[in-house]
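Asks: Structure in structure tokens, see below.
The values are calculated or read from the model by the stated rules, or taken from the named source; none is laboratory data. Computed from a predicted model, the values in this text were never measured in an experiment. For neighbour counting, all protein chains shown are included, and Cβ atoms are generated from backbone atoms with ideal geometry for every residue, glycine included.
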Amino acid sequence: MIRFDTVTKVYDNNSRPALDAVSLEVDRGEFVFLVGASGSGKSTFIRLVLKEDRVSRGAVYVAGQNVANIPSWRVPKLRRGIGVVFQDFRLLPNKTVFANVAFAMQVIGKSRAVIRETVPDVLQTVGLEGKNNRMPHELSGGEQQRVAIARAIVNRPGILLADEPTGNLDPTTSMGIMKVLDRINSNGTTVVMATHDDDIVNTMRKRVVELRNGSVVRDDAQGIYIGETEVSAQ
Amino acid sequence: MRFAFVLGELGSGLRRNLAMVISIVLVTFISLTFVGAAGLLQLQINQMKGYWYDRVQVAVFLCVDNSTSPSCAAGPVSDEQRDDIQAILESDSFSEYVSTVEYESQEEALGHFQDQFANSPIVDSVTADQLPESFRVNLVDPEKYEVINEAFSSTPGVDVVSDQRELLERLFTYMNVASAIALTIAGVMLLCAVLLVATTIRLSAFSRRRETGIMRLVGASKAVIQLPFVLEGVIAAVVGGLLATGTLWAVAHFALNGVLAEMYPETAFISSTEVLLLAPLLILLGGVLAGVSSLLTLRRYLRV
């Protein structure tokens, strides 16, 4: 589903590459943790999958297609196949929960009938039934992140990228979010989650890819992560 | 749905940026009014040219008793001289320039004079022998006045050759200067309008960067993201164009056709319907300028 073929990304020539000859394959339906300290290249990985940045060397394949060969007018189509969730939720503060999720469908031209039918289903999937008309500021952080997840998956993308989705949440709330992501993954969506939260990684027992200074240093099928101690050891 | 969505975004953009949008409307309104005024002046010049050039004549005035030009040294024109001049005017060598020649006797000249100055006391003191007899020459091409002038101005018996067109030309020069000034002002104002549109769209894009960021992430097409912004500028400019059209129409209708046409009944003024011919051009100009300006701005300030 996602394949990195010796990908190097250099943001500016004077500093070390953000990704250094990374080769990695994520299969359809997999759940992968991308772990590492900040600055290890996790966010760059996500940006390259979305074609927000261009690779310096190597190639990124998404759903079998080299993203470098996708013309700019086709990039929206690539992004429709990928849902994204961020640490800071990025909800529209002046829209209700329902409208925030519906927004993602409106802008790609879905009909009102389809939106009315789909949004409540998705809100139920993320555990927000009955909160359609709440405004984002009336919700807890965990609930806001659920709205963001609902928005990311409402167009049924094949891939869900989550960039530190639990970074602003307490451990209990984080576990709730992980359950949602796990449920989405078991419905067939490939999930790649960048995180440095070792508790979550160790509880989930999924594939773990560890990045350090732009290189893959570990790729365990049911791995664990002892990030905090490593950071303090450095 | 996508259409309705774009309209909704457009509406919220217009509301958020109301002051800037109004300023775009006003600036395009003023600048397009000047563009339109210049256009109307040109139309008026053409109209008058068409009307007068068919009527203006070159008059070859013949000598009378009190003529002072050297070619009249021998006194009033003799019958022989008059016949010669007429013969040359009607000869084959002039037929390519001259379409018709009419002779106007002193009595006819007095008649025309009396018609023209019917309300003036001067009429009573003028007699036929004070007025010169003349040949009224209609030219095939009114611009070729010099040919007649050169051929006859020093012919014995000819006092002076005068081209009525000269008077008109002077008037047209003034009108051309006026329309050039209007165009210059319009150019400066249009530049202001373009810059204002660019600034407004930039602000608008900045104030909605959260929405556009999300639209980008969920795969909205470039058109859906950019269209509301472009339309914002274009609609404001088109409203300005409509206001300019209305103003020009009012000027043509009430000032030209109402007041001036009554004061100068023999002058052909353009009608207010001609403003309506100009209107689509004005509106198009405003719309295109605003559209191009906002597209260029978006390319710099809105990542898609």
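A quick yes/no check of all residues on (1) touching a strand residue (DSSP E or B) at 6+ places or on another chain (Cβ under 9 Å); (2) within 14 Å of chain A (Cβ to nearest Cβ); (3) buried (at least 21 other Cβ atoms within 10 Å of the Cβ); (4) closer than 27 Å to B:VAL224 by Cβ:
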| residue | (1), (2), (3), (4) |
| --- | --- |
| B:PHE3 | no, yes, no, yes |
| B:LEU18 | no, no, no, yes |
| B:LEU26 | no, no, no, no |
| B:ILE30 | no, no, no, no |
| B:THR33 | no, no, yes, no |
| B:ASP54 | yes, no, no, no |
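Asks: Going through segment B:155-174 one residue at a time, which ones are within 18 Å of the chain's Cα centre (by Cα) and either β-branched (Val, Ile, Thr) or at pLDDT 85 or above (or both)?
Replies: Across segment B:155-174, the qualifying residues are B:THR173, B:TYR174.
Asks: Let me ask something else. Collect the residues in segment B:89-138 that are under 24 Å from B:THR68 (Cα atoms), surrounded by 14 or more Cβ atoms within 10 Å (Cβ to Cβ) and of a type in the set (A, V, I, L, M), keeping them in residue-number order.
Replies: Within segment B:89-138, B:LEU89, B:ALA109, B:LEU110, B:VAL123, B:VAL126, B:ALA128, B:LEU131, B:VAL137 meet the criteria.
Asks: Just wondering, is there one or more residues in segment B:193-207 that are within 14 Å of chain A (Cβ to nearest Cβ), touching a Lys or Arg at 6+ places or on another chain (Cβ under 8 Å), under 30 Å from A:LYS110 (Cβ atoms) and among the hydroxyl-bearing types (Ser, Thr, Tyr)?
Replies: Scanning segment B:193-207, I find at least one residue that is within 14 Å of chain A (Cβ to nearest Cβ), touching a Lys or Arg at 6+ places or on another chain (Cβ under 8 Å), under 30 Å from A:LYS110 (Cβ atoms) and among the hydroxyl-bearing types (Ser, Thr, Tyr), so the answer is yes.
Asks: Out of A:SER23, A:SER43, A:SER15, I need the residue that is surrounded by fewer than 15 Cβ atoms within 10 Å (Cβ to Cβ) and either in contact (Cβ under 8 Å) with a residue 12 or more places away in the chain or in contact with a helix residue (DSSP H, G or I) (Cβ under 7 Å, 6 or more places away or on another chain) (or both). Which one?
Replies: Checking each option against the conditions leaves just A:SER23.
Asks: Across segment A:100-138, what is the total count of residues that are crowded, with 16+ Cβ neighbours inside 10 Å, within 12 Å of another protein chain (Cβ to nearest Cβ) and either in a helix (DSSP H, G or I) or modelled with pLDDT of 95 or more (or both)?
Replies: Residues that pass the stated criteria total 9.
Asks: Looking for whichever is closer than 18 Å to A:THR173 by Cβ and touching a residue at least 24 places away in the same chain (Cβ under 8 Å) here; the options are A:ILE108, A:ILE153, A:ILE149. Which one fits?
Replies: A:ILE149
Asks: Tell me, please, whether a residue that is crowded, with 20+ Cβ neighbours inside 10 Å, away from chain A (no Cβ under 14 Å) and acidic (Asp, Glu) can be found in segment B:167-182.
Replies: Among the residues of segment B:167-182, not one is crowded, with 20+ Cβ neighbours inside 10 Å, away from chain A (no Cβ under 14 Å) and acidic (Asp, Glu), which makes the answer no.
Asks: Let me ask another. I want to confirm something. Restricting to segment A:76-85 and keeping residues that are at the interface with chain B (Cβ under 9 Å from one of its Cβ atoms) and buried (at least 17 other Cβ atoms within 10 Å of the Cβ), which single residue is farthest from A:GLY158 (Cα to Cα)?
Replies: A:PRO76
Asks: So, one more: Take the residues in segment B:213-263 that are among the hydroxyl-bearing types (Ser, Thr, Tyr) and in contact (Cβ under 8 Å) with a residue 24 or more places away in the chain; name whichever of them is nearest to the other protein chains (Cβ to nearest Cβ).
Replies: B:THR245
Asks: Quick one: how many residues across segment A:139-159 are assigned to a helix (DSSP H, G or I) and among the hydrophobic types (A, V, I, L, M, F, W, C)?
Replies: Total satisfying the criteria: 6.
Asks: Residues that are within 22 Å of A:SER72 (Cβ to Cβ) and either modelled with pLDDT under 95 or not aromatic (Phe, Trp, Tyr) (or both): which strands (runs of 3 or more DSSP E) entirely in segment A:1-59 hold 3 or more of them?
Replies: A:2-9
Asks: Here's something else I'd like to know. Which one of A:GLY58, A:GLY36 is over 19 Å from the mean Cα position of the chain (by Cα), surrounded by 16 or more Cβ atoms within 10 Å (Cβ to Cβ) and more than 11 Å from chain B (Cβ to nearest Cβ)?
Replies: A:GLY58
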